[in-house]
Amino acid sequence: MKKNIFKLVVFSIVLLTPLQTIAQQADLETRTTKLESFISKLPKMSGYINLRYQYENNVNSFDVRRARLDFKGDLVKWLDYRLQVDFASSPRIIDAFVRLKINPMFNVQVGQFKLAFSLENPYGPLALETLENSQVVSYLSGINDLAGVKGTGRDIGVAVYGGFFKQDGYNIIDYVIGLYNGTGINVRDNNKHKDITGRLEIHPIRPITLSASYYNGKTGADGDLKPRTRYGFGARYDDGKILLRSEYIKGKTDQTDSDGFYVLAGYTFAGNIQPLFKYDYMRKDLGDHNSRQINYLVGVDYWYKRFFRLQINYTYRTFVQKEKNNGLLGFMLTACF
C-alpha cells in the first residue's frame, strides 16, 4: 500500500512539474508583454545643441544657437504627442501638441506647432540645409515676421491634414489646413479674429514636390485690426543626391506689400557631404526701392554618423545702397543625442 502511495506521489510530481513550468513561462510572457507595452508608451527623448560662430565686419562671436530637448510618444495607436523645449537664452516651449490619427486622408492636430504655410517653413533646424531660413520665409512665415511675430514659424491652434493616392510609400497629394491665433508661440490671442492657413503639395513622382500655400490673418487688437495675408508657390527636386528648391512668397502686412524668392541648389557626395549655393531675394516694401536685399550664399553641409553635423556658410549681402554691402561667415556645429 505504501509503495502504491509513493508511486502515486512521484507520478503526480512528474506530471505536474511540466505543467507548472508551462504556467510559469506563460505568466512570464504575459508580464513581459505588459512591460513592453508600458515601455512603448513612455516618452522617447532626443535632443540637440547648435553651437555657432559668426564673423561680420571685424566683429566675431560664439553663441549657443539652440539647445533643445524633444519628447515624443504614442498614448494609443491612434493618438500621439510631442513636447519640444529650447533652453538657449531662456527656456521656452517650441512644440506642444497632440495628434488624432483617424485616417491617412484625415487627421487632427491640436496645440502649438508649425504653420501650414510655405515649402521651407516645415523644415526643422536638423533638416534645413543652411544656417538660417531664406529671407522671404523668415519675414512672411512667422519666424521674424514683418507683422512683429517671432514665432519660429509656429503658432497655437488646430489643423487637419492628410494625403491621397498613396503609392510606393508616398502620397501623390498632401494637404494641411489650419486655424491659429496669429500671435506666435507661447502667447494668447489679442483679438477675436483667427488666422487661416492652408498648404497643398503634389508629388508627381517621389523626388518632386509642387507646393501652393495661402495665409489669411489679422494683426492688432480688436477695433484696430490690420491685414496680414500671404500666398506662395514652390517646387523641390530631391533624389538624395541632387537638391533643387525654389519658392516665391508675396504678402501684405497692414498697408505694406512685400515679396521675395530664393533658389537653392546642392549636391551630396560621399554619402554625407553637401556643397550648397543659394540666391536669396527679398523686398520688404514694394513701394520702397531701397528695401531690396539680395544674398548670395555658398556653403557646405557635413554629417558625421548622424550624431554630429558641421555647417559652413558664407553669405554676401547686397543692398541698393552699395556702401551697405557686407559679408557674413558662419560656422555651426550640431551635436545630436
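Bear in mind these aren't lab numbers, they're just calculated from the coordinates by the rules spelled out. Just so it is clear, the structure is predicted and the values come from calculations on it, not from any experiment. For neighbour counting, all protein chains shown are included, and Cβ atoms are generated from backbone atoms with ideal geometry for every residue, glycine included.
Tell me the angle of helix 2-40 to the major Cα principal axis of the chain, expressed in degrees between 0 and 90 and rounded to the nearest ten. Long axis of 2-40 versus the principal axis of the chain: about 10 degrees. For segment 242-330, chymotrypsin sites (Phe, Trp or Tyr not before Pro) meeting the loop criterion (DSSP other than H, G, I, E, B) and having at most 12 other Cβ atoms within 10 Å: PHE307. Using the rule -39500 (n - 2.57) for each DSSP H run of four or more residues, divided by the residues of the chain, the 222 nm mean residue ellipticity is -4500 deg cm²/dmol.
In the chain the longest region clear of trypsin sites (Lys or Arg not before Pro) that are loop-assigned by DSSP and have at most 14 other C-beta atoms within 10 Å covers 78-149. Hydrodynamic estimate: the Kirkwood radius of segment 41-110 over Cα pairs, inserted into Stokes-Einstein at 25 °C and 0.890 mPa s, corresponds to D of 171 µm²/s. Cross-link partners of LYS241 among lysines, defined as those whose alpha carbon lies under 22 angstrom from its own and excluding same-chain residues fewer than eight positions apart: LYS278, LYS305. Straight-line cross-link partners of LYS77 among the lysines, defined as a Cα under 17 Å from its Cα and at least 8 positions apart when in the same chain: LYS34, LYS41, LYS44, LYS101. When only the Cβ of Lys, Arg, Asp and Glu is charged (+1, +1, -1, -1), the dipole of the chain relative to its Cα centre reaches about 1160 debye. With no solvent and one point per C-alpha, what does the Debye sum give as log10 I(q)/I(0) for segment 163-261 at q = 0.15, 0.20, 0.24 Å⁻¹? Per q value, in the given order, log10 I(q)/I(0) is -0.74, -1.00, -1.19. The structure shown yields percent of Cα pairs over 34 Å apart, and of the options [x] 63; [y] 30; [z] 35 that calculated value carries the label [z]. Taking max minus min of the alpha-carbon positions on each principal axis, segment 65-222 gives extents of 44, 36, 32 Å, largest first.
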